[in-house]
Amino acid sequence: VKNQLEEKVGKTFDVFTAVEFKTQLVAGTNYFIKVHVGNDEFMHLRVFRSLPHENKPLSLHSYQSSKAKHDELTYF
């Protein structure tokens, strides 16, 4: 989903490392992921994975920017 995020925010990230995640089961799975994007900057991503029989790619549902390393990863 890195490319999807870069397209939405209009910039590229040299660093893109997941450091924490949580899941939520729905009609598929929501992944809430804390991603280190360089320096002291982090972003929280909400990524949706559809059910296997739907055969769809992962999609970036939403994101929160300007997060810090110690910000709690919560459902959004």
Quiz item: Pick from F16, F48, F32: which is most flexible by mean-square fluctuation in a GNM of the chain where alpha carbon atoms under 10 Å apart are linked?
Solution: F16
Quiz prompt | Solvent-accessible area per residue, Å², over the chain with all protein chains present [probe radius 1.4 Å] | solution = 67 Å²
Quiz prompt | Unit Cα scatterers, Debye sum, the chain: log10 I(q)/I(0) for q = 0.24, 0.27 Å⁻¹ | solution = -1.13, -1.33
Quiz prompt | Accessible surface of the chain, 1.4 Å probe, proportion on carbon and sulfur as whole % | solution = 49 percent
Quiz prompt | Theoretical FRET efficiency, 1/(1+(r/R0)^6), r = Cβ-Cβ of V26 and K2, R0 25 Å, to 0.05 | solution = 0.60
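The values are calculated or read from the model by the stated rules, or taken from the named source; none is laboratory data. All of these numbers come straight from a predicted model, not from anything done at the bench. Every residue, glycine among them, receives a Cβ derived from its backbone with ideal geometry; neighbour counts consider all protein chains shown. In case anyone asks, the SASA skips ligands and DNA or RNA and just uses the protein heavy atoms, side chains included. Shrake-Rupley method; radii C 1.70, N 1.55, O 1.52, S 1.80 Å.
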